[in-house]
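Below is one structure, written out as structure tokens, with a few remarks after it.
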Amino acid sequence: MYRLLCQWAGGLLLATLLLQPARAVDVRGIRLWAGPDNTRVVVDLSGSAQHSLLLLHNPERAVLDVSGARLGKSARVPRGAGAVKAVRMSRSPSGNFRLVLDLARPIQAKSFLSTPNAHYGYRLVVDLEGASRLANHVDKPIKAKHAPSDARDLIIAIDAGHGGEDPGAIGMNGTREKDVVLAIARELALKINAEPGMKAILTRGGDYFVPLRDRMRRARAQQADLFVSIHADSIRDRSIDGSSVYILSQRGATDEASRWLAERENASDLIGGVSLDDKDDVLASVLLDLSQSASLNASQVAAERVLHQLMQAGEVRKHEVQQARFMVLKSPDIPSMLVETAYISNPQEEMRLRTAAHQAQLAAAIHQGVHDYFYANPPQGTRIAQLANANSSRPVLATAAGGGGAGR
Ligand SMILES: [Zn+2]
């Protein structure tokens with residue numbers, strides 16, 4: 001009976017679809033974001049639509065056909081950038097909306113339909129990726145000139161949240177999280193690069209989208225000693241303000257361990273170059289656990305230092321380091337923290353976040369926390385270890401509090 005009913009319902013649905021005149025979907029806009037590794041083209045639609053993507057050669061181009069779509073009045077065609085030399089529009093032989101992307105080089109492409117979220121309606125996303133990705137692209141850390149050859153610089157990965165088509169949280173006055181966190185991240189990078197023995201890398205250096213796992217991969221490709229993700233929070237209650245600092249929860253860490261173990265190839269170079277490929281499951285999980293709990297301990301200690309500095313600088317929402325299952329914090333072998341610098345939903349904080357002075361103040365607080373952490377827990381073989389040693393032989397105020405958990 002049930003089956004009959006379903007068949008009948010299915011037939012009815014099909015009939016309705018056939019009877020209904022195909023309603024045109026408007027193309028409301030075309031947006032393009034170019035990053036160093038990938039270029040994303042987003043086609044905003046007034047409703048859901050079928051599409052197809054085709055790669056053609058000589059000359060290289062990507063062709064996107066959208067069934068039953070037409071160009072809306074307000075839609076503008078963006079200029080080419082990144083992997084896309086030019087964007088053109090035409091009609092496919094069957095009368096569908098067609099977008100042609102002239103490409104600068106042979107490229108891999110994928111497309112998908114995104115369903116509406118808080119900021120956008122239906123949209124087709126085309127991701128174009130060059131053959132030489134990530135590891136090939138990132139430049140090797142440069143040793144500072146003043147560093148003796150036997151000591152390396154610390155690498156701090158700074159991750160500005162969101163970017164490109166993902167604006168993050170938006171304040172009442174239109175301030176976008178992706179913009180203010182990038183400004184703070186850049187400021188933080190300047191301060192870190194100005195310090196002997198430390199070098200900053202940015203996981204995102206402009207207004208483009210970087211997938212979360214790519215952010216982690218970039219940090220790992222550079223063998224970062226610390227990963228700091230910068231965000232600005234939002235909440236319905238607009239009176240709430242202040243910053244908070246997060247590390248990965250134990251639960252999130254456990255989940256991630258199983259994932260890494262499932263993907264042996266990825267896990268192979270995780271633990272200081274110890275390959276997991278030829279280890280049995282139990283040994284592999286023990287090795288990963290050790291690496292992970294050392295990272296979590298170090299994350300906690302480093303996050304406490306940063307939180308302490310943020311307390312000196314201004315309003316703090318939670319006086320203890322918080323734990324959550326943020327994807328971007330899941331590198332098993334890099335101590336990681338996420339700083340919610342402020343509540344962009346609070347109008348006063350939103351206005352402050354827009355000022356260069358406040359951005360610099362937040363960056364200074366995070367920098368000081370990172371500095372204090374590494375001087376209290378300097379990794380062996382680093383320039384900071386030598387500097388910290390030299391400092392401790394002088395009769396100055398010791399900064400040993402909160403140390404001991406680094407375990408790297
Ligand atoms: Zn965010």
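The values are calculated or read from the model by the stated rules, or taken from the named source; none is laboratory data. Computed from a prediction, not measured in an experiment: that's the story for all the values here. Heads up, the Cβs are rebuilt from the backbone with ideal geometry, glycines too, and the neighbour counts pull from every protein chain shown. Each accessible area value is taken on the protein alone, full model and side chains, heavy atoms only, with ligands, DNA and RNA left out. Shrake-Rupley method; radii C 1.70, N 1.55, O 1.52, S 1.80 Å.
Sort out which residues of segment 335-389 are of a type in the set (Gly, Ala, Ser), within 23 Å of residue 183 (Cβ to Cβ) and out of contact with any Asp or Glu (no Cβ under 6 Å at 6 or more places or on another chain), and write them in order of number. 336, 345, 356, 357, 364, 365, 369, listed by residue number. Could you please let me know if residue 268 is modelled with pLDDT under 70 and farther than 28 Å from residue 173 by Cβ? It is true that residue 268 is modelled with pLDDT under 70 and farther than 28 Å from residue 173 by Cβ.
If you check residue 382 against the conditions, is it buried (at least 17 other Cβ atoms within 10 Å of the Cβ), β-branched (Val, Ile, Thr) and within 16 Å of the ligand (Cβ to nearest atom)?
For residue 382, the condition - buried (at least 17 other Cβ atoms within 10 Å of the Cβ), β-branched (Val, Ile, Thr) and within 16 Å of the ligand (Cβ to nearest atom) - is not met.
Right, residue 74: of a type in the set (Ser, Thr, Tyr) and surrounded by 15 or more Cβ atoms within 10 Å (Cβ to Cβ) or not? Judged against the criteria, residue 74 is not a match.
All conditions in (1) open to solvent by 20 Å² or more (accessible area, probe 1.4 Å); (2) modelled with pLDDT under 90 hold for residue 356, with the sole exception of (2). Can you tell me which residue among 163, 197 is in contact (Cβ under 8 Å) with a residue 40 or more places away in the chain, open to solvent by less than 10 Å² (accessible area, probe 1.4 Å) and more than 16 Å from the ligand (Cβ to nearest atom)? Every option except 197 fails the conditions. Listed by first and then second residue, the pairs linking a residue in segment 215-243 that is under 15 Å from residue 315 (Cβ atoms) to a residue that is in a strand (DSSP E or B) and away from the ligand (no atom under 16 Å from the Cβ), with Cβ atoms under 8 Å apart and 6 or more places separating them unless they lie on different chains, are 242/316; 243/316. Selection within segment 26-37: residues that are assigned to a strand (DSSP E or B) and open to solvent by less than 20 Å² (accessible area, probe 1.4 Å). The member of this set that is nearest to residue 160 (Cα to Cα) is 30.
Considering 155, 170, 201, 184, which residue is modelled with pLDDT under 95 and of a type in the set (Val, Ile, Thr)? Explain how you work it out, then say what you get.
Working: 155 fails: modelled with pLDDT under 95; 201 fails: modelled with pLDDT under 95; 184 fails: modelled with pLDDT under 95.
Result: 170 is the single residue among 155, 170, 201, 184 that is modelled with pLDDT under 95 and of a type in the set (Val, Ile, Thr).
Residue 99 fulfils the conditions (1) of a type outside the set (Phe, Trp, Tyr); (2) open to solvent by 30 Å² or more (accessible area, probe 1.4 Å); (3) in contact (Cβ under 8 Å) with a residue 60 or more places away in the chain except for a single criterion, (2).
Consider segment 207-242 and keep the residues that are open to solvent by less than 10 Å² (accessible area, probe 1.4 Å) and part of a loop (DSSP other than H, G, I, E, B). The one that is farthest from residue 372 (Cα to Cα) is 210. Checking each residue in segment 209-241 for being within 16 Å of the ligand (Cβ to nearest atom) and within 21 Å of residue 125 (Cα to Cα) picks out 209, 210, 211, 212, 215. Do we have any residue at all in segment 325-334 that's away from the ligand (no atom under 16 Å from the Cβ), out of contact with any strand residue (DSSP E or B) (no Cβ under 7 Å at 6 or more places or on another chain), of a type outside the set (A, V, I, L, M, F, W, C) and open to solvent by 10 Å² or more (accessible area, probe 1.4 Å)? Looking through segment 325-334, none of the residues is away from the ligand (no atom under 16 Å from the Cβ), out of contact with any strand residue (DSSP E or B) (no Cβ under 7 Å at 6 or more places or on another chain), of a type outside the set (A, V, I, L, M, F, W, C) and open to solvent by 10 Å² or more (accessible area, probe 1.4 Å).
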